1. Can you confirm whether region 336-355 contains a residue that is of a type in the set (Gly, Ala, Ser) and in contact with a strand residue (DSSP E or B) (Cβ under 8 Å, 6 or more places away or on another chain)?
2. Please work out which one of (1) at pLDDT 85 or above; (2) under 30 Å from Thr59 (Cβ atoms) is the condition Ala260 fails and give its number.
3. Residues being in a helix (DSSP H, G or I) and buried (at least 23 other Cβ atoms within 10 Å of the Cβ): count how many of those fall in region 227-261.
4. Out of the residues in region 201-211 that are within 27 Å of Ala296 (Cα to Cα) and surrounded by fewer than 10 Cβ atoms within 10 Å (Cβ to Cβ), state the one that is modelled with the lowest pLDDT.
5. Step by step: first the residues of region 308-327, then only those that are in contact with a Pro (Cβ under 7 Å, 6 or more places away or on another chain) and closer than 17 Å to Thr168 by Cα, then the one that is modelled with the lowest pLDDT. Which residue is that?
6. Taking into account only those residues within region 308-356 that are of a type in the set (D, E, K, R) and more than 14 Å from the chain's Cα centre (by Cα), which is surrounded by the most Cβ atoms within 10 Å (Cβ to Cβ)?
7. Would you check if there is a residue in region 298-307 being at pLDDT 80 or above, aromatic (Phe, Trp, Tyr), outside any loop (DSSP other than H, G, I, E, B) and surrounded by 13 or more Cβ atoms within 10 Å (Cβ to Cβ)?
8. In contact (Cβ under 8 Å) with a residue 24 or more places away in the chain, under 30 Å from Lys165 (Cβ atoms), in contact with a helix residue (DSSP H, G or I) (Cβ under 7 Å, 6 or more places away or on another chain) and not in a strand (DSSP E or B) - does that describe any residue in region 262-282?
Amino acid sequence: MATKKVDNNINKNIGDEEEVTAETAQEFTTDVKKCPNCGSNFHYNPTKYCLECIHCGSTQAIEGKAASEISFHELPKENDTDWATGMHSYRCNNCGAKTMVDGFEISPSCTFCGATNIVEIDELPGLKPNAVLPFSRNREETFGYAQKWLKKKFFAPSKLKKQFKIDTIKGIYIPVFTFDSKVCSIYNGRLGQRRTRVVTRNGKTHTETYIYWFKVNGTIDKLIDDLLVEACDKVSQSEMEKIQPFDTFNSVEYAKSYLAGFSSLRYNQGINQSWETAKAIIDEGIRKQIMKMYNADVVDYLNLNTFHSHTSYKYLLVPVWMCNYDYKGKKYGFLMNGRTGKVTGKTPVSAVKVTGVVFFALALIAVIIVLINYFG
């Protein structure tokens, strides 16, 4: 496959993916890591932090070192095209998700919608991940966390809790960019505080609320460390924030061995677009910091001019356990942090339970009214 020349200027869309058509689909060979004892496939074991044979249980250590940030000045001049040798890349014809799996998994289903009408596609040029945060919880442990989470969902149907199976949970690496930056923000604006005062009008005294306006200006310096921005539209930034934090300081240099037995999404939001998202998040955080500094409640205007220096990034794969399922024709699911077990997601609501709670509340109100009338 030919490589494409890419401008090293960070204002270009470096590493952004191109659309793939069904005509580009093709099969290719793999180089799956085999057990030297029995010849079976190795899987990555999250609890042992090593490769483990699925047949005889023998293990093999993964030699790696801590991941490091890459300066924006070191963006590659060419897209990598062969970094994923031995991986299968698939696109789901149902929801459009693009995932990568190690060579041993020949016929996977879509992690997001469960469809099996997926197409194997040729590798796309793009940035190579320079870091990975390995799973630290296995499927069994994750299933236990998921059951506890479901039990807390009082309005979830009891049938769903009973039918929930461990094989519905899949481990997938989500592509993200993390950014470090030295920030200097110059600001000016007009803020307001809500206050109260006692006034007398027409001989009557009452308390009224008013806004005390004042002007502000100044400079804020801060260091941004590992700000995480999702790089795939199949998982939103808000969803990722709900299962954070990820201990990105424990990330290691990318090695395909960590993906053995798991899937990985391909990014479709390049580094430049992700950096724009990161800058917007940083500015929003600074605005909130300014409001807090001045105990302000409202804003008339707040101008912010932010400068960045010593900016660096990591293209990182973070571990997420995912479950997507259909219930009475509607799709539901949850995401779980593959390091901490933190969960976010939605469950169906049992109409029977809601009705029961409403009738109970009405009955309780009726009893209270009777007691008040009787003893009042």
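1. yes
2. For Ala260, the failing item is (1).
3. 2
4. Applying the filter and picking the extreme gives His206.
5. Tyr327
6. My answer is Lys314.
7. No, that holds for no residue.
8. No: region 262-282 contains no residue that is in contact (Cβ under 8 Å) with a residue 24 or more places away in the chain, under 30 Å from Lys165 (Cβ atoms), in contact with a helix residue (DSSP H, G or I) (Cβ under 7 Å, 6 or more places away or on another chain) and not in a strand (DSSP E or B).
The values are calculated or read from the model by the stated rules, or taken from the named source; none is laboratory data. All values reported here derive from a predicted model rather than from experimental measurement. Note that each Cβ is placed from the backbone with ideal geometry, even for glycine, and that neighbours are counted across all protein chains shown.
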